[in-house]
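The values are calculated or read from the model by the stated rules, or taken from the named source; none is laboratory data. In this text, all values refer to a predicted model and were calculated from it rather than measured experimentally. As a convention, Cβ positions derive from the backbone with ideal geometry for all residues, glycine included, and neighbour counts pool all protein chains shown.
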Amino acid sequence: MKKTIKQQKSILIILLSNIFIAFLGIGLIIPVMPSFMNIMHLSGKTMGYLVAVFAVSQLLISPLAGYWVDRYGRKKIIIIGLFLFGVSELIFGLGTNVFVLYLSRILGGISAAFIMPGVTAYVADITSIQERSKAMGYISAAISTGFIIGPGVGGFIAEYGIRMPFYFAAAIAFLACITSIFILKEPLTKEELAEISANKKQTTIIRDFKKSFHPLYFIAFILVFVLAFGLSAYETIFSLFSDLKFGFTPKDIAAIITISSIFGVVVQVFVFAKMVDKLGEKKLIQLCLITAAIFAVASTLISSFLEVLAVACFIFLAFDLLRPALTTFLSKDAGKEQGFVAGMNSTYTSLGNIVGPAIGGILFDVNIHYPYLFAAVILVIGLGITFMWKEKPLGNA
């Protein structure tokens, strides 16, 4: 019989800290982008590519990482991922040319591809079906906090030096790596890992993508893409939008992002499991998509600091609840293939993180409101897809 979440509190804290640190690094670059552009004489296109290359490398490695999680064990992959993340942040902090910055972001993407499925599969292994939604809510809270608060943390730490956010991230990554080595234990035996590996062939991106096209899997993964697209497009453009339209300072932007993330995390931790019990994953997902679309449109109509803060809070909250609802649904149907599902979850997240900022940046150059309006359209399309979602046992994919 599996232990309860309360009985495994220390293990969960370590796992949640690991994934928080990984996604914190994704957002750290955003507030210092203008300064790096000036110091290193980089174009806006180059800075956009630095954001996208992280997601591209994560996309390419995620299916392999999902396979390795099932073959070599959760702990090893998590530790390797944390080490690579620390190296990537240290390299970026020391970087003095564009090649080094690209190398850093590529390593960062690889590290995220390792950490995300490793932690998700680990948590799925040690929690019961009854507590799965609560545990996935905690994971989502850690991801969202890192991803959303990253720019805020980066903005505050950058007051002490433009490269300090990256040294800080490297230090806590190496600390998390060392802590994980001594505290975490592999949740599956060698025999259980061997059984999982024996039941599946060497993975390839094409094979896993084909497998992800199973109707029940595919709709959930498409919604994962919609989530990542909407959140990354909104967050990437947010600082530029706020600066150009309202004249907000980096501290103003950091304050909005920080308050919004705290609001989202509090609701996730204390309310998410109850909402799933009352509404079910499907209705909750639909509610989140509707809410996010409405407030994305509202972003083009607001004019004051408090209005921007209120809209940001509800948009981030919608995304924060959408992620664990999707992850919970997928993990329940994954059975012994938690690594595959977690890996493909990461893959579709990466696709959204590539396309969202790219299209958002292009549309922003045309009209500062277009990225939000387009994001709203994508969210409404995602909502339409949910009505084709037939809730039935997955069976064999």
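When region 82-99 is limited to residues that are of a type in the set (Val, Ile, Thr), without any contact (Cβ under 8 Å) to a residue 60 or more places away in the chain and under 19 Å from ALA55 (Cβ atoms), the one that is surrounded by the most Cβ atoms within 10 Å (Cβ to Cβ) turns out to be ILE91.
Applying the condition of being touching a residue at least 60 places away in the same chain (Cβ under 8 Å) and hydroxyl-bearing (Ser, Thr, Tyr) to region 297-334 and asking which residue is farthest from ILE262 (Cα to Cα) yields SER331. The criterion of at least 2 residues that are out of contact with any Gly (no Cβ under 9 Å at 6 or more places or on another chain) and among the aromatic types (Phe, Trp, Tyr) is met, among helices (runs of 4 or more DSSP H) falling completely within region 303-387, by 305-334, 338-366. Looking only at region 70-81, filter to residues that are crowded, with 24+ Cβ neighbours inside 10 Å and modelled with pLDDT under 90; which one of those is nearest to the chain's Cα centre (by Cα)? Only one residue tops the list, namely ARG74.
Just a yes or no: is a residue in region 254-273 farther than 25 Å from GLY155 by Cα, assigned to a helix (DSSP H, G or I) and free of Cβ contacts under 8 Å to residues at least 12 places away in the same chain? Within region 254-273, one or more residues are farther than 25 Å from GLY155 by Cα, assigned to a helix (DSSP H, G or I) and free of Cβ contacts under 8 Å to residues at least 12 places away in the same chain. Evaluate the following for VAL123: is it surrounded by 19 or more Cβ atoms within 10 Å (Cβ to Cβ) and touching a residue at least 12 places away in the same chain (Cβ under 8 Å)? So VAL123 fits the description; yes.
Table: residues versus (1) more than 12 Å from the chain's Cα centre (by Cα); (2) more than 20 Å from THR347 (Cβ to Cβ); (3) assigned to a helix (DSSP H, G or I); (4) of a type in the set (Phe, Trp, Tyr).
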| residue | (1), (2), (3), (4) |
| --- | --- |
| ILE110 | yes, no, yes, no |
| ALA124 | yes, no, yes, no |
| ALA135 | yes, yes, yes, no |
| ALA142 | no, no, yes, no |
| GLY146 | no, no, yes, no |
| GLY155 | yes, yes, yes, no |
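Residue pairs whose Cβ atoms lie under 9 Å apart, separated by 6 or more positions or on different chains, with the first residue in region 376-387 and closer than 14 Å to LYS283 by Cα and the second at pLDDT below 90 and of a type in the set (Phe, Trp, Tyr), are GLY382/PHE225; GLY382/PHE229.
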